Each structure stands twice: as structure tokens, then as C-alpha cells.
Amino acid sequence: MVRTIGEDKSEQKVIDDIANFGWHCINIVAEDEQVAYSFTVGLFQSYGHPELIIFGLPSQVAHQILAIAADAAKSGAPLDLTQPTDALLNNYQCCFAEVPLTEYYEHVGYCQWYYQGNDFPLYQIVWPSRSGLFPWHHQATPEFRASQPVIAQAPEGT
């Protein structure tokens, strides 16, 4: 069961965007030690596609990446979340990692509000450094690791 009425304008905007576009993008600004991140709300309800979260990019860039994935789900040809893809960033392979329920409260409260609980899958989109490294690679710099926290289990083979 999902929410159908918001208690304020921001909640109603989420509901209206999902009704009109199939999803809504939430952008969280960087604060203290927390990096900026963005996530979807509504992909699972609208298309049966897991919700997505991405860290460490400017909100406009993150929104564009999420929109590419949302458009693929809407078209009936969703991205394969078990495989790396270059469909999201030109010349760079991004990968997907399933986020455990223990991270939901800390990161995707609007999803929990909309779905009235944790009954939705969530995957993190993880993007590489300019040299093609992911944050879990030993050669990745501490600065790069800090810019993109990984809240999911690193996918095998990446």
C-alpha cells in the first residue's frame, strides 16, 4: 500500500510526480560529514523496478542518471542490475549493488514514507573514478572513497 495523499506541499509533490511521471527524485544536500546523494521514489510502484540511490554527484547530474534508468524501466527494457553498464555515464561502467534494509532508515526516509514501510527493493548505483576504479578497490584514493560511500555489498566481479 502506498500513500495517495500528502500532508503538506512537499509530500503531495512526491505523490503527484509519481502519478504523472512514474517516479520522483529526492536530492539530499551535503552536510557535515555526509555527502550529497539522490534517490528515486516510485519506480517500484510504477514499474516494478527497484528504487535507486546514488552518492557524491551534483544533484543535476544524479537526476540525469536516475532519469536514464527510470526511462529504461518505463520503456519496458530496464537496465540489468546484475551487470555493469555504460548506459548511465559516457565511457564509464557503473554497477549496481543491493542495499540492505538496515540502511533504509538512514538514507531513504521518503521511500519508507511513500511505501509505508520497507516493502521495496533498493539498489545503489556506484560510479567509477576517472581511472575506472570503484570505491572498494584498494587502489582507490581515500578522497574518492569519501566522496561516494558504499552502503551496499560490493557486486562480485567488479
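Summary table below
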| quantity | calculated |
| --- | --- |
| The range 84-104 residues that are touching a residue at least 12 places away in the same chain (Cβ under 8 Å), paired with ones that are part of a strand (DSSP E or B) and hydroxyl-bearing (Ser, Thr, Tyr) (beta carbon under 9 Å, 6 or more apart) | GLN93/THR85; CYS94/THR85; CYS95/THR85; PHE96/THR85; PHE96/TYR123; ALA97/TYR123; GLU98/TYR123; VAL99/TYR123 |
| Boolean, ALA97 is surrounded by 14 or more Cβ atoms within 10 Å (Cβ to Cβ), touching a Pro at 6+ places or on another chain (Cβ under 6 Å), modelled with pLDDT of 95 or more and part of a strand (DSSP E or B) | yes |
| Lone qualifier among ALA152, ALA140 - being in contact with a Leu (Cβ under 6 Å, 6 or more places away or on another chain), assigned to a loop (DSSP other than H, G, I, E, B) and free of Cβ contacts under 8 Å to residues at least 60 places away in the same chain | ALA140 |
| First in the range 49-77 and touching a residue at least 60 places away in the same chain (Cβ under 8 Å) and at positive phi, second anywhere and part of a helix (DSSP H, G or I) and among the aromatic types (Phe, Trp, Tyr), Cβ under 9 Å, 6 or more apart | GLY56/PHE144 |
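The values are calculated or read from the model by the stated rules, or taken from the named source; none is laboratory data. This one's a predicted model, so the numbers in the text were calculated from it and none came from an experiment. Methodologically, a virtual Cβ is constructed for each residue, glycine included, from the backbone with ideal geometry; neighbour enumeration extends over all protein chains shown.
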